[in-house]
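One structure is given below, encoded as structure tokens.
The values are calculated or read from the model by the stated rules, or taken from the named source; none is laboratory data. All values derive from a computational prediction rather than experimental measurement. Please note: Cβ atoms are built from the backbone with ideal geometry, for glycine as well, and neighbour counts cover all protein chains shown.
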Amino acid sequence: MPGADGATGLSRRTMIRRILVLGALTALGPLTIDLYLPAFPDIAGDLSATEAQVQLTLTGTLLGFAVGQLILGPWSDAVGRRRPLIAATLTHVVASLLCAVAPSIEVLGVFRVLQGMAAAAGAVVSMAVVRDLYTGLPAVRLLSRLMLVTGVAPVLAPTLGGQVLQLTDWRGVFWVLAALGLGLVAVVVFGLQETLPEDRRRSGGVADTLRTYGSILRERTFVGLMLTGGLMMAALFGYIAGSSFVFQDVFGLSEQAYGIVFGVNSLGLIMATQLNARLVRRVRPQWILAGALVVASVAAALMVAFAATGALGFYGIAVPLFVILTTVGFTMPNIPVLALASHGRSAGTAAALLGAMNFAVGAVSAPLVGAFGTGSAVPMAAVMFAMAVLAVGAMFLVARPRHIIGLEPDPPITGEAPPPAVVETHVPEPAAAGRRRRLTRLATGRAHRPAATHDTVPGAARPATMGGRRERRQRSRS
């Protein structure tokens, strides 16, 4: 990234532009997933498909997201961030057009996989760009602000999808996605500069990528956080897969009313991400994350009880769902920053693993809801409860919050290649050792002679300050 932003920080205008550009790229994924949700019943009728078959198209999209991130993340570490983004977004445009003309549910499912793979670039590369520019708590705050933009996508997508269905049929939804993809190509070309300099890129090919994946997966903390994020996303996708049938078929809401309910839940997620940006100044991110997981598990347990008994009707499902979606707003910014903290050079690869786990587990949870039926809210509630409880286990038993290194605020970096290291003329001693030696000198009244280092030459003149102290002691003794 050019150094116009200055060495000490970024201008507010530059920061806002980056948030908007990265938010638009990340929003492509939620739009690809959520925009066609209100059209599920129409797709089933037009293509003579069952509800479970239509939900499988969502599963295919999530699997495409998972596989796409595993490919695009390492690619972006090797060639930079811009080229993978442009190529993948153009592929998304083509896949959207193919979905719009799909003659059967099977063909639609295949093209949805391709569409998901292409849309994965926005998610994984945007996260890598954030890691290129920031570390520590500033990255948490940037991701929290970024979620304000990306959170608008789930809020607007079902509502926008419902409005599109007022003007055209379900195929028009995919024409809209194609147009959005073309717009994002222009955003990348004109609005996003390269953030990964050539000297920080990985060039070891497939073998190096596999070794990097292996080294990352051997870190217990990373694996625990990856499982936690994947399981919480699985709970989220269980909601996405089942909510349209639960609210429209079970509770009788219209497509537009369902879009409003979906938007209110997403609003809770957005508010949580913004509160998180302030909360991390006082509470370590791992403890915010742990508390949110416990709250989500309790809310999911209550939703299962209300769904099984029918207590409180619509509100017995809607209120716990709002609480669960709000807790997701505390997990989304904190998990990637904690997990990527020690993976600056392989940020794309590590982000790919996080994203792949999110959507791979989500792809499993989505069909589970349909497999147990959509005649009540119990399957959706049960799947979300199971995933939330497993996420608590992954956080406390695998990641272990007490063993996660706390993050300290770090100054932003500009994304340029780091300046050449300055060769020191001495080796500084550890701070603790230095303190002990100073205390010894104070207690004994003796000056400490520094240990020889690589720059200490036998026979060389000693520092003037040490010589002066020795001469003063000799004079005092005489």
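Results for (1) surrounded by 18 or more Cβ atoms within 10 Å (Cβ to Cβ); (2) at pLDDT 85 or above; (3) assigned to a helix (DSSP H, G or I), shown as yes or no for each residue.
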| position | (1), (2), (3) |
| --- | --- |
| 49 | yes, yes, no |
| 54 | yes, yes, yes |
| 66 | yes, no, yes |
| 77 | yes, no, yes |
| 88 | yes, yes, yes |
| 92 | yes, yes, yes |
| 108 | yes, yes, yes |
| 112 | yes, yes, yes |
| 116 | yes, yes, yes |
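How many of the residues making up the stretch 250-259 are over 13 Å from residue 314 (Cβ atoms) and either among the small types (Gly, Ala, Ser) or surrounded by fewer than 20 Cβ atoms within 10 Å (Cβ to Cβ) (or both)?
Selection size over the stretch 250-259: 3.
Taking interchain pairs and intrachain pairs at least six residues apart, which have beta carbon atoms under 8 angstrom, with the first residue in the stretch 262-273 and over 10 Å from residue 330 (Cβ atoms) and among the polar types (S, T, N, Q) and the second at pLDDT below 85 and not in a helix (DSSP H, G or I)?
Close Cβ pairs (under 8 Å, with a partner that is at pLDDT below 85 and not in a helix (DSSP H, G or I)) amount to 266/151.
Scan the stretch 339-356 and give yes if some residue there is closer than 26 Å to residue 246 by Cβ and either at pLDDT below 85 or buried (at least 22 other Cβ atoms within 10 Å of the Cβ) (or both), otherwise no.
In the first step, residues of the stretch 339-356 are kept if they are closer than 26 Å to residue 246 by Cβ; the result is none.
No, the conditions are met nowhere in the stretch 339-356.
Does residue 186 count as surrounded by fewer than 14 Cβ atoms within 10 Å (Cβ to Cβ), modelled with pLDDT of 85 or more and within 27 Å of residue 59 (Cα to Cα)? Break it down stepwise before answering.
Working: surrounded by fewer than 14 Cβ atoms within 10 Å (Cβ to Cβ): yes; modelled with pLDDT of 85 or more: yes; within 27 Å of residue 59 (Cα to Cα): no.
No; evaluated as a whole, the condition is false for this residue.
Considering (1) without any contact (Cβ under 8 Å) to a residue 24 or more places away in the chain; (2) closer than 24 Å to residue 41 by Cα, say which one residue 243 fails and leave the rest.
(1)
Specify which of the listed residues (129, 149, 124) is out of contact with any strand residue (DSSP E or B) (no Cβ under 7 Å at 6 or more places or on another chain), at pLDDT below 75 and assigned to a helix (DSSP H, G or I).
Numbers: 129 fails: at pLDDT below 75; 124 fails: at pLDDT below 75.
Criteria check complete, one pass: 149.
Yes or no, residue by residue, for (1) in contact with a Gly (Cβ under 6 Å, 6 or more places away or on another chain); (2) of a type in the set (A, V, I, L, M):
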{"residue": "202", "(1), (2)": "no, no"}
{"residue": "207", "(1), (2)": "no, yes"}
{"residue": "217", "(1), (2)": "no, yes"}
{"residue": "227", "(1), (2)": "no, yes"}
{"residue": "230", "(1), (2)": "no, no"}
{"residue": "237", "(1), (2)": "yes, no"}
{"residue": "240", "(1), (2)": "no, yes"}
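Would you check if residue 179 is closer than 25 Å to residue 89 by Cα, free of Cβ contacts under 8 Å to residues at least 12 places away in the same chain and surrounded by fewer than 19 Cβ atoms within 10 Å (Cβ to Cβ)? So that I can check it myself, show each step before the final result.
On the way: closer than 25 Å to residue 89 by Cα: yes; free of Cβ contacts under 8 Å to residues at least 12 places away in the same chain: yes; surrounded by fewer than 19 Cβ atoms within 10 Å (Cβ to Cβ): yes.
So residue 179 passes the test.
Yes/no per residue for (1) surrounded by fewer than 24 Cβ atoms within 10 Å (Cβ to Cβ); (2) modelled with pLDDT under 85; (3) outside any helix (DSSP H, G or I); (4) basic (Lys, Arg):
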| position | (1), (2), (3), (4) |
| --- | --- |
| 213 | yes, yes, no, no |
| 232 | no, no, no, no |
| 244 | no, yes, no, no |
| 270 | yes, yes, no, no |
| 273 | no, yes, no, no |
| 277 | yes, yes, no, no |
| 288 | yes, no, no, no |
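Considering only residues that are β-branched (Val, Ile, Thr) and part of a helix (DSSP H, G or I), look in the stretch 6-45 and name the one that is modelled with the lowest pLDDT. Reasoning before the result, please.
Of the stretch 6-45, the ones β-branched (Val, Ile, Thr) are 8, 14, 16, 19, 21, 26, 32-33, 43.
Still in the list and also part of a helix (DSSP H, G or I): 14, 16, 19, 21, 26, 32-33, 43.
Working: 14: 72, 16: 75, 19: 77, 21: 82, 26: 83, 32: 89, 33: 82, 43: 90.
If we take residues in the stretch 6-45 being β-branched (Val, Ile, Thr) and part of a helix (DSSP H, G or I), then 14 is modelled with the lowest pLDDT.
Take residue 262 and decide whether it is touching a Leu at 6+ places or on another chain (Cβ under 9 Å), within 20 Å of residue 365 (Cα to Cα), modelled with pLDDT under 85 and assigned to a helix (DSSP H, G or I). Don't jump to the end; show me each part of the working.
Working: touching a Leu at 6+ places or on another chain (Cβ under 9 Å): yes; within 20 Å of residue 365 (Cα to Cα): yes; modelled with pLDDT under 85: yes; assigned to a helix (DSSP H, G or I): yes.
So residue 262 passes the test.
How many residues does the stretch 171-181 hold that are under 24 Å from the mean Cα position of the chain (by Cα) and aliphatic (A, V, I, L, M)?
Taking the stretch 171-181 as the starting set, the residues that turn out to be under 24 Å from the mean Cα position of the chain (by Cα) are 177, 180-181.
Imposing the further condition that a residue be aliphatic (A, V, I, L, M) reduces the set to 177, 180.
So the answer is 2.
If I filter the stretch 327-348 for residues that are of a type in the set (A, V, I, L, M), over 22 Å from the mean Cα position of the chain (by Cα) and in a helix (DSSP H, G or I), do I get at least one hit?
At the first step, the residues of the stretch 327-348 found to be of a type in the set (A, V, I, L, M) are 328, 332, 335, 337-341, 347.
When the remaining residues are screened for being over 22 Å from the mean Cα position of the chain (by Cα), the result is none.
Looking for residues that are of a type in the set (A, V, I, L, M), over 22 Å from the mean Cα position of the chain (by Cα) and in a helix (DSSP H, G or I), one finds none in the stretch 327-348, hence no.
If you check every pair at least six apart or on different chains, which have Cβ atoms under 9 Å apart with a residue in the stretch 376-401 that is surrounded by fewer than 19 Cβ atoms within 10 Å (Cβ to Cβ) first and a residue that is in a helix (DSSP H, G or I) and among the charged types (D, E, K, R) second?
From residues that are surrounded by fewer than 19 Cβ atoms within 10 Å (Cβ to Cβ), the pairs are 398/220; 400/220.
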